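Readers should treat all values here as calculations from the given coordinates under stated rules, not as data from a laboratory. Not measured: the values here are computed from a predicted model. FYI the Cβ positions are ideal-geometry reconstructions off the backbone, even for glycines, and counts take in every protein chain you see.
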Amino acid sequence: MAQYQSKVIIIGSGPAGYTAGIYAARAGFSPILVSGFQKGGQLTITTDVENFPGFPEPIAGPELMDRMLQQAIKLGVKVIEDHITEVDFSHRPFTLISEQNSYQADSVIIATGASARWLGLENETKFRGFGVSGCATCDGFFYRNRHVAVVGGGNTAAEEALYLANIAASVTLIHRRDALRADKIMQDRLFKHPKINIEWDSVVTDVKGTDTPKSMTGVVIKNLKTDKTKELAVDGLFIAIGHKPNTEIFKQYLKLDNEGYIVTEPGCSKTSVEGVFAAGDVKDSQYRQAITAAGSGCQAFLDAERFLRQ
C-alpha cells in the first residue's frame, strides 16, 4: 500500500475540489487531490454549460472540468485517481484510506459533492444529457418554448416547475401521490400558473427518444390508481426527487444535517472538526451550481491556509 502525505489533501474533483487545489498550489502547499470515482463530478454528465463566466460560447461540461484539471496540474496539484473509503479525523495528522493507498494530511478539504437521485430507468441513463436532466437552473435555458416534464412533489420539484414555466412552452409535473409535499405558498403558485399541468398518482415508466440524433421525444407514465399508461410528448425531463450528499464515510466524525449535508460554521467552510473544511455541493443543498461550488472551493482553501499558518 502506497503512502502519501501533504499539508492539504482535497477529496473530490468537481469545481470545488479543483478550485481549492489551484489556490493551494499557488500558495505553495503542494496539495494532493484524490479524484474519487467520478473524476470531474456531475458536470461530466452535463452537455453544454452557458452560465460559467468567461465562456461566451457554450462549453461542454466534461471540457470545462478537463480545463480545470489541466490548470490544477500545471500549477502543481498532485492528482491521484483513487477513491477514499475510510477516514480518521480523531487526531492530526488526519488519515485517509482507500483500497490501494493511505494518506496523511494536516488539513482536509472535502469536496465530494452530492449525487442526484434518479428514477433508475434504463433509458433515463441513456438520454441523460440528451433531454434528461437533474437541474433546471443548469439546463432549462435549452428548452425555451419547448415542452418539458418535472418529476417530484416537494419544494425542489415545485421550484423547478415554476422556474421552467418562465422558459418553456408548457410544464407537466408528474407526482406519484394525490397531494404535493411542497409548501402551501409554492403549491398555490403552481396551481395558478397557466403553463403548468399536474399528472397526479403517476410515475414515469420509460423514456422515449431517437438515436440519430440522440434526443428524447417523450415519456411513458403510469397512473398508480388505474394502472393505465400513456405517452407524453416532451422534449425534456427534469428529475427533482432530491440529492444525496456523498458524506457516508464522514458521519462518524462530522456534524451533518438531517439530509446528510456537512454542517459548516456560518460564513465559512469550517466543519465540526478543526482542520477539516467542506466545499461545494457536499455542504450546499440550495444552490448546487458550478460557480458557487468553485467559489466555495476558494473559500475552503483560504480557511485551511489560515488554520495551517496559525
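Miscellaneous remarks
- Sorted by Cβ neighbour density within 10 Å, fewest at the top, the residues H91, H193: H91, H193
- J(HN,Hα) series, region 239-254, from Karplus relation 6.51 cos²θ - 1.76 cosθ + 1.60, nearest Hz, glycine and proline x: 8, 10, 10, x, 10, 10, x, 8, 10, 3, 6, 9, 5, 5, 10, 10
- For region 118-239: relative contact order, % (alpha-carbon pairs under 8 angstrom, 6 or more apart): 31
- Total formal charge among the other residues, if their Cβ is under 15 angstrom from that of C135, Lys/Arg +1 and Asp/Glu -1: -4
- Relative to the longest principal axis of the Cα atoms of the chain, the long axis of helix 290-309 makes an angle of roughly 20 degrees.
- Isolated cysteines in the chain, defined as those with no second cysteine Cβ under 4.7 Å, comprise C268, C298.
- Burial ranking of peptide ranges 104-115, 30-41 (average Cβ count within 10 Å, highest at the top): 104-115, 30-41
- For region 279-286, Karplus couplings with θ = phi - 60° (6.51, -1.76, 1.60), whole Hz, Gly/Pro x: 9, x, 5, 5, 10, 10, 8, 9
- Looking at region 62-152, the GluC sites (Glu not before Pro) that sit in a DSSP loop and have at most 13 other Cβ atoms within 10 Å of their own Cβ are E81, E99.
- Ordering of 155-166, 202-213 by burial proxy (mean other Cβ atoms within 10 Å per residue, highest first): 155-166, 202-213
- Put simply, the amide H of N197, placed in the peptide plane, has neighbours under 5 Å in V171, T172, L173, leaving out anything fewer than 5 places away on its chain.
- Reachable aspartates and glutamates, given that their alpha-carbon falls under 20 Å from the alpha-carbon of K74 and they are not under 8 places away in the same chain: E63, D66, D82
- Estimated FRET transfer efficiency (A60, Y163; beta-carbon r; R0 25 Å; 0.05): 0.65
- Helical mean residue ellipticity (222 nm; -39500 (n - 2.57) per DSSP H run of 4+; nearest 500) of the chain: -7500 deg cm²/dmol
- Sorted peptide list for 251-262, 215-226, criterion being average Cβ within 10 angstrom, highest first: 215-226, 251-262
- Of K184/K251; K222/K251; K126/K255; K192/K228; K39/K195, pairs whose Cα-Cα distance is over 30 Å: K184/K251; K222/K251; K126/K255; K39/K195
- Whole-Å distance, taken between Cα centres, linking region 236-310 and region 90-119: 12
- Principal-axis tilt of helix 61-75 within the chain, Cα atoms, nearest 10 degrees: 10
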